[in-house]
Amino acid sequence: MRPRGRNRAPIALQLVALLVVSLIAAQVVTFAVVVLMPPPQRAVYRLEEVAQALKGGSLAPRFGRPLLREVQAAPPPESVNPPFPGEHARRQLAALLGVREADVRLTQHMTFPGRLHRTLGIGGAAMEMRHERIMADEFGAGRRPMMAFREMGPPMFGEFSAAVRHSDGQWVVVQPQPEPFPNDWQRRVLSWLAGCLMVVAPLGYLFARRITAPLGQFAQAAETLGRDPSGPLMALSGPAEIGAAARAFNDMQVRLKRFIDDRTAMVGAISHDLRTPLARMRFKLESAPGPVKAAVLADIAQMEAMITSVLGFIRDASAARPRERLDLLSLLECLVDDAGDQDLTLTDGSAPVTVEADALGLQRLFGNLLDNAVKYGARGRVRVFQDDGHAVVEIADDGPGLEAGEVERVFQPFYRAEVARTLDGGGVGLGLAVARSIARAHGGDVTLVSSAAGLVAWVRLPLSVG
């Protein structure tokens with residue numbers, strides 16, 4: 001029965017919604033910055049303040065950054081097309097200093113925002129009104145801005161350099177200190193942007209996590225299917241695309257389980273039904289001659305052993321036993337002890353590892369490998385350790401090993417290597433197939449490595465989580 005779930009909007013629609021929400025949040029913060037944050041401090045310098053600085057007076061103007069004063073051998077370079085304030089401001093500055101106009105240099109590095117901008121073809125009515133408001137703020141609300149301009153000389157905005165030549169030919173140069181970075185206004189803007197990031201980033205993360213969380217569930221369901229095809233079906237929740245993929249995944253899992261069950265039932269039924277004709281053959285052989293009877297009975301016994309092995313394999317493959325946390329080292333210690341006088345040892349380099357598995361299945365897995373090590377390799381050495389998130393069991397023997405082409409073929413059901421057929425240990429070729437099947441059902445695997453020193457079986461199983 002399919003689990004019910006709730007499908008959300010498609011991923012594309014959710015991503016668009018995330019972008020729209022982020023854009024709206026950014027615009028809200030920008031609007032708040034423009035409306036609520038005070039404007040940056042205007043850098044305005046009066047000619048009287050510049051003249052006082054050139055005479056050796058205060059370097060701290062009322063508005064703007066502190067001034068720098070230095071003595072140079074040559075005056076600062078003038079612009080080819082000097083901007084405002086031009087000649088009028090230089091004459092005013094020379095009059096305030098009491099020197100000739102030729103001994104004064106004044107260069108404005110930032111154009112003046114206001115009426116003269118319009119004269120230069122740059123400004124407009126809005127800029128003129130803004131300039132007049134600034135002039136009223138700086139020179140008093142009761143005085144007309146242009147009257148103050150004529151009486152006191154034009155103020156200078158932004159960057160400038162002023163210089164006066166002394167009698168010794170040296171030039172005293174005054175200019176504003178370089179603006180620090182970040183300045184007060186920039187710090188406030190950066191603070192607002194950081195606050196915006198702190199608000200929008202968690203919301204975006206939660207939104208994106210909500211969209212992508214079903215993908216993690218999908219990956220976990222695929223991992224569970226690889227370990228146990230009879231496991232629970234995936235919940236049909238998440239975006240529309242994930243819901244459709246989960247539905248197809250669940251259908252695949254149901255069909256896969258049905259295929260495995262049908263195949264297992266068919267092989268089990270065939271193996272079980274073969275017992276009846278074998279029993280009739282055994283009964284009819286009672287009157288056969290002695291040599292014929294012995295040879296045929298031996299073949300019948302071998303066939304019955306194969307049928308018993310097949311039925312055991314089918315029973316283990318179809319059984320859905322609960323899994324539990326167990327110590328793999330303790331399990332192997334018990335198997336080695338139960339071997340009695342067989343030459344099996346657990347090496348000193350072994351360490352406890354915990355896995356979540358079917359205890360009976362692992363007993364059969366390692367029992368088959370230990371039996372092969374003793375039967376075909378004379379003695380077996382077992383080591384248990386951890387590697388890259390997996391529990392690893394190494395079972396080495398001193399046997400002749402395998403040919404390069406047989407290392408994988410021996411995992412095929414009913415295939416027996418040449419050494420097994422020569423020793424005639426009574427097996428039917430299902431031991432390694434059963435071992436690999438059980439290991440893969442637990443999310444692990446069994447591999448063989450053959451060398452001149454013998455055969456080594458590696459069993460990897462996922463470590464228990466938590």
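The values are calculated or read from the model by the stated rules, or taken from the named source; none is laboratory data. Quick caveat: nothing in here was measured; it's all calculated off a predicted structure. Using ideal geometry, Cβ is built from the backbone for each residue, glycine included, and neighbour counts are taken over all protein chains shown. Note: areas computed on protein heavy atoms with side chains; ligands, DNA, RNA excluded. Shrake-Rupley method; radii C 1.70, N 1.55, O 1.52, S 1.80 Å.
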Measuring with a 1.4 Å probe in the full set of protein chains, what accessible area per residue, in whole Å², belongs to the range 199-304?
-> 62 Å²
Would you mind computing, in nm to one decimal, how far apart the modelled labels at Leu360 and Ala74 are, each placed 7 Å from Cα along Cα→Cβ?
-> 10.1 nm
Is any residue of the range 379-409 close enough, with backbone N under 20 Å, to a label point placed 7 angstrom from the Cα of Ala453 along the Cα-Cβ axis, and if so, which?
-> 379-387, 392-404, 407
Listed by chain and number, the lysines with an alpha carbon less than 21 angstrom from that of Lys293, same-chain partners under 8 positions apart left out, are Lys284
Ranked highest first by the average count of other Cβ atoms within 10 Å around their residues, in what order do 16-22, 363-369 fall?
-> 363-369, 16-22
Length gained when the stretch Phe218-Val16 is fully extended (0.36 nm per residue, less Cα-Cα span) = 70.4 nm
Report the FRET efficiency, 1/(1 + (r/R0)^6), for Asp327 and Leu256, where r is their Cβ-Cβ distance and R0 is 51 Å, rounded to 0.05.
-> 0.95
Two-site label geometry, Gln386 and Gln412: point separation in nm, points 7 Å out along Cα→Cβ | 3.9 nm
Extension reserve of the Val99-Ile270 stretch, reckoned as 0.36 nm per residue once the Cα distance is removed | 49.3 nm
With all protein chains present, calculate the accessible area of Met306 using a 1.4 Å probe and round the result to the nearest 10 Å².
-> 70 Å²
Go ahead and run the numbers for FRET between Val199 and Ala240, Cβ-Cβ distance against an R0 of 41 Å, rounding to 0.05.
-> 0.90
Which order do Asp397, Asp327 take by accessible area at a 1.4 Å probe, largest first?
-> Asp327, Asp397
How much FRET efficiency would the formula 1/(1 + (r/R0)^6) give for Gln170 and Leu190, where r is the Cβ-Cβ distance and R0 is 45 Å, rounded to 0.05?
-> 0.60
Of His272, His442, His88, which has the most accessible area and how do the rest follow, probe 1.4 Å?
-> His272, His88, His442
